[in-house]
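Working notes, beginning with the structure itself.
The values are calculated or read from the model by the stated rules, or taken from the named source; none is laboratory data. From a predicted model like this one, the values you see are computed outputs, not experimental measurements. Neighbour counts run over all protein chains shown; Cβ positions are idealised from the backbone, glycine included. For accessibility, only protein heavy atoms count, side chains too; no ligands or nucleic acids. Shrake-Rupley method; radii C 1.70, N 1.55, O 1.52, S 1.80 Å.
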Amino acid sequence: MPFPVRLAGCAALLAALGSTACAPMKTHQGYVIDKELVDSVQPGVDNRESVLQTLGRPTLTSQFNQGEWYYVSRDSRNFGYSDPKVRDQTTIRVRFDAAGNVASVDKMGKELIASVDPYGKKTPTLGRKRSFFDDLFGNIGTVGAPGTGGPSAPGQ
């Protein structure tokens, strides 16, 4: 093969590999929403058992009581090794009354997503600020002191 043909072939191969690295990757996480099934859940008609049979197990439940079930569906997209960006998120909240019957069904979008950014390398805390030397030498004289539960504590 002549040199220019090889060069053109290598260039085409590199261009093909380079373009696939920048192709967007789409992912789906969580519940797969079926609009007809979600619309079939009616307040005052359905209860916990019928919702469980219709929609399946919830993604999340209320932390303090069993009054709310959440079904979360999220679609993300990213290029190569970059962090995924949320394109769409739907959250379905099913609220139950004290008897276990459906009180309401709400649908929410991605406007409720909270973004938490870390604050540097230290977490700010309230209270006394200690230096390196306070941490290093802070226990000198307290080991075995009265009231600390050490060997000199009464009854030893």
Exercise. Enumerate the aspartates and glutamates that residue 35 could reach by cross-link, defined here as Cα to Cα under 15 Å, with residues fewer than 8 away along the same chain left out.
Key: 106
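If each residue of separation counts as 0.36 nm, what is the full-extension length gain between residue 49 and residue 88 once their alpha-carbon separation is subtracted?
Details: separation 39, 0.36 × 39 = 14.04 nm, distance 2.91 nm.
The span from residue 49 to residue 88 would gain 11.1 nm if fully extended.
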Exercise. Determine, for each peptide in 65-72, 36-43, the mean count of other beta carbons within 10 angstrom over its residues, then list the peptides with the highest first.
Key: 65-72, 36-43
Practice problem: Subtracting the Cα-Cα distance from 0.36 nm times the residue separation, let me have the gained length for residue 8 to residue 77 in nm, one decimal. | Solution: 21.5 nm
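What is the local net charge at residue 89, summed over the other residues whose Cβ is closer than 15 Å to its Cβ (Lys, Arg +1; Asp, Glu -1)?
Numbers: positive: 26, 74, 77, 85, 87, 93, 107, 110; negative: 75, 88, 106, 111.
Here the charged neighbours net out to +4.
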Exercise. Would you mind computing, in nm to one decimal, how far apart the modelled labels at residue 40 and residue 63 are, each placed 7 Å from Cα along Cα→Cβ?
Key: 3.4 nm
Quiz item: Probe 1.4 Å, all protein chains in place: accessible area of residue 137 in Å², nearest 10?
Solution: 110 Å²
